[in-house]
Each structure stands twice: as structure tokens, then as C-alpha cells.
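Q: I'd like to ask some things about the structure below.
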Amino acid sequence: MTDTPNFREDVQGFLAMINSLPAPDALVPEEQRMGYVAMKQLIEADPRDMAVIKDLTCPGPAGDIPVRFYDVRAERGPSPAIVFFHGGGFVIGDLETHNSLCTELSAELDLPVLAVHYRLAPEHPFPAAPDDCEAAARWLAGSPAELGRTVTGLVTIGGSAGGNLATVVARALCDKPAAAPMLLQVLLYPATDESQDGSMDTFAEGHLLTKGVMEWFYSLYQPKSGDPRAFPLHASAKGMCPSIVATAGLDPLQDQGLRIADKLVEAGVDTVYLHFAGMTHDFSSTRKALPSAAAATAKVIAAMKLMLMKV
């Protein structure tokens, strides 16, 4: 199902502003990284107050991985923890671009959050990103002393490339359990397969994320077609943890999100599917620019609360 274009008023104005900006002469990773940080400062909501924010590192397969730990509480007893993987096509994005969203998750869910800055392409192509993300999730599951928390279970979450990584890590931790069990995966407008048709064609231009930019991301990331750690639609859904999948109606990736939701349901996985008609890709971190994006993000968080009540 590819959504018929249905523009919310605030989204229409937002896209008009984005589409009026001059296109870059060339896509250069470092310039795109700086631009992404600058854009988030303009369009994303202000961060929530946290009792704890710590920049740390955890051990990874190729050296230390930068992470940021959030907790709305200064102290807490044993509890689940959220591990967050930022989006950006495996090429851009960092701990700053999704800082505000991580504070929102901690504040609204009353849980600690660990954000992971995995290695990026083209300097570090596939499988560097999933290798780092899995290592960080396993480290968090082990209740590391640096965090001062006892972790009883994990929630993986991310958007776009981060949604890809959230389900790749969840699959790995369901297959080979970590020190704390997988409780929930939350996939926001995830990239899940190699498809280049359907919604990828319908929303190829003019809707924030473009087909051309996705092709550029993958040309640098160099994922292996058919590999379930690169394109998780190829992974088995049997035995997966409970899941939330959210898609956006003006997103080139909406069909990919629907396909992985269908696969989870067909495998008997407890799954909530949320589709936001008339919404753009990356809506969870455009909440200052788009009131409707803030409302959509609140619905995702409400679904997370519901699912976590079952565990």
C-alpha cells in the first residue's frame, strides 16, 4: 500500500520551505553531516530537562564507541533501558542530531536511554554500523558500572537507518540473548529492503527524503543485497520480540516499513503498526517545525507505554 498524497497544512508549508533551499552542487559526507546538525537545531523541539546526561564510550569491535546516557531520574532501581540508534542513511547523524528525541523518550517513558554513535560510511561501510550497535546493546544489557543502573530488559528504537539497526540488533539479541532480554523493538519509518519501486518512486522527489539521496547513502554504505544484517526484511521474524512499526504517508520508505510489519504479523509477533497519513519521513525529530509531527511522536510513545505494560 502506497499512500495517496495527503498534505497536512503544516507539512505542506514545511516542505515548501525545504524545497525552496538550493540543492548542493555535490553530496559530500562531511558537508551533509554539518548541514544535518544545523537543520535539526532549527526544526527539532528543545530537549527536555534530564537529571543525568553523560557522554561515555563503550567497547566495540573496532575500538571505543561514543555513547550518551540519559535518565530523567538521578537514581532508579532495576528497570528496562532503551537503546537508541540515530538515523541519517548510515552516513550522517550523531549524538547531537537526535539529542532532543532521546530526552523526550526518557522523560515520557520514565526510563534510561543510551544513544549510540556507531561508525559511519564511507569511512566505515557495512557491517560497521550493525557491529557497533549490537556491541553497545550487549554492553548496556550487562548493567555497566558507569551507568549506575541495573538493566532488566532492552528496548531498541531508531528511525530510518536507525530503524534498520534497531531490528537488526533485536534479531541478534533474540537469537543470541544478552545479559538482559529483548522486550520491544520500535521501528520508525525503517529502511528494510532493496526496493526501488512503489513508494520509493511515488515520493522520489520533493518530500524531504529523496530516492536520489537514498541511492547516495547506499553507494557509500555498500550493503550486501540479501544480507539480513543489511536489509532486515530478509531475516526471519520467528521468535522476534514484541514490535512497533511506524510509517509516514509521504515517505519513500513507507512500503518498506509496511512489508516488515506484515512479516512480523504473519510470524505471530505481537505487533502494533502505526501509519501517519500526510506525514514526512523523519517526523520524530521535526517536532518544532511540525505540530503534527509532535502529535505523531506522542502516539508512538503511547504505544510504547502500552506494549511495555505487557512485559
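Only the coordinates and a few stated rules stand behind these numbers; no lab work does. Source: prediction; values computed, not measured. Positions of Cβ are backbone-derived with ideal geometry, glycine not excepted, and every protein chain shown enters the neighbour counts.
Q: Is the shape of the range 171-275 best called rounded, prolate or oblate, per the rule: a/c under 1.5 gives rounded, else a/b larger than b/c gives prolate, else oblate, with a ≥ b ≥ c the square roots of the Cα gyration tensor eigenvalues?
A: Numbers: a/c = 2.28, a/b = 1.56, b/c = 1.47.
Because a/c hits 1.5 or more and a/b exceeds b/c, the range 171-275 counts as prolate.
Q: Given a Förster distance of 41 angstrom, what is the FRET efficiency for A277 paired with E96, based on the Cβ-Cβ distance and rounded to 0.05?
A: FRET efficiency, A277 to E96: 0.85.
Q: In nm, what is the difference between 0.36 nm times the number of residues separating M34 and M17 and their Cα-Cα distance? List each step's numbers first, then the result.
A: Details: separation 17, 0.36 × 17 = 6.12 nm, distance 1.90 nm.
Computed gain between M34 and M17 is 4.2 nm.
Q: Give me C174, C133, C102 sorted ascending by neighbouring Cβ count inside 10 Å, so fewest comes first.
A: Lowest to highest Cβ neighbour count: C174, C102, C133.
Q: How do T152, T192, T247 rank when sorted from fewest to most other Cβ atoms within 10 Å of their own Cβ? All intermediate terms of the calculation are to be shown ahead of the outcome.
A: On the way: T152 16, T192 25, T247 28.
In order of increasing Cβ crowding within 10 Å: T152, T192, T247.
Q: Still on this structure, I have one more. Sum up the charges of everything whose Cβ sits under 12 Å from the Cβ of R138, counting Lys and Arg as +1 and Asp and Glu as -1, but leave R138 out.
A: That works out to -2.
Q: To the nearest 20 debye, what charge dipole does the chain have about its Cα centre, counting +1 at the Cβ of each Lys and Arg and -1 at the Cβ of each Asp and Glu?
A: Result for the chain is approximately 920 debye, rounded to the nearest 20.
Q: Something else about it: Put a dot 7 Å past each Cα toward the Cβ at V265 and T152; how far apart are the dots in nm?
A: It is 3.2 nm.
Q: I've got another one for you. Would you look at the GNM of the chain, springs on alpha carbons closer than 10 Å, and say which of Q254, Q185, Q32 moves the most?
A: Q32
Q: Could you give the angle, 0 to 90 degrees to the nearest 10, between helix 161-175's Cα long axis and the longest principal axis of the Cα atoms of the chain?
A: Once rounded, the angle reads 40 degrees.
Q: In the range 9-308, if the dipole is taken from +1 on Lys/Arg beta carbons and -1 on Asp/Glu beta carbons about the Cα centre, which of H275, T152, C133 is farthest to the positive end?
A: Towards the positive end, the residue furthest out is T152.
Q: Would you mind checking the range 61-75 for residues with the amide N under 15 Å from a putative spin-label position 7 Å along Cα→C-beta of E123?
A: Inside the label zone: 62-67.
Q: For P(r) over Cα pairs in 10 Å bins from 0, in percent, the choices are (1) 6, 25, 34, 25, 10, 1, 0; (2) 6, 23, 29, 20, 12, 8, 3, 1; (3) 6, 30, 39, 21, 4, 0; which was calculated from the structure?
A: For P(r) over Cα pairs in 10 Å bins from 0, in percent, the calculated option is (3).
Q: Work from the charge dipole of the range 132-267 (Cβ charges, +1 for Lys and Arg, -1 for Asp and Glu, about the Cα centre) and give the residue of P242, P252, Y218 farthest towards its positive end.
A: P242
Q: Which distance in Å, rounded to a whole number, links the C-alpha centroids of the range 98-139 and the range 171-249?
A: 15 Å
Q: Of the options F231, S143, Y70, report the single residue whose Cα projects farthest towards the positive end of the charge dipole of the range 9-308 (beta-carbon charges: Lys, Arg +1; Asp, Glu -1).
A: S143
Q: Hey, got the dipole for the range 202-311? About the Cα centre, +1 on K and R Cβ, -1 on D and E Cβ, debye to the nearest 20?
A: Charge dipole, the range 202-311, about its Cα centre: 380 debye, nearest 20.
Q: Using a 10 Å cut-off around each Cβ, can you sort T202, T297 from fewest to most neighbouring Cβ atoms?
A: T202, T297
Q: Please give the helix 211-221 orientation as an angle from the longest Cα principal axis of the chain, in degrees from 0 to 90, rounded to the nearest 10.
A: Value to nearest ten degrees: 40.
Q: Would you list the P(r) distribution for the range 25-157, with all Cα-Cα distances sorted into 5 Å bins from 0 and each bin expressed as a whole %?
A: Answer for the range 25-157: a P(r) of 2, 11, 21, 22, 20, 13, 8, 3, 1, 0, 0 percent.
Q: Still on this structure: Return the distance in nm (one decimal) between the two label points of a simple spin-label model at D175 and K310, each offset 7 Å from Cα along Cα→Cβ.
A: 2.4 nm
Q: While we're looking at this one, here's another question. Taking 23 Å as the cut-off for C-alpha to C-alpha distance, list the pairs among K238/K310; K176/K263; K176/K238; K54/K288; K40/K299; K54/K299 that go past it.
A: Working: K238/K310 19 Å; K176/K263 21 Å; K176/K238 14 Å; K54/K288 25 Å; K40/K299 21 Å; K54/K299 28 Å.
In this structure, K54/K288; K54/K299 lie more than 23 Å apart at Cα.
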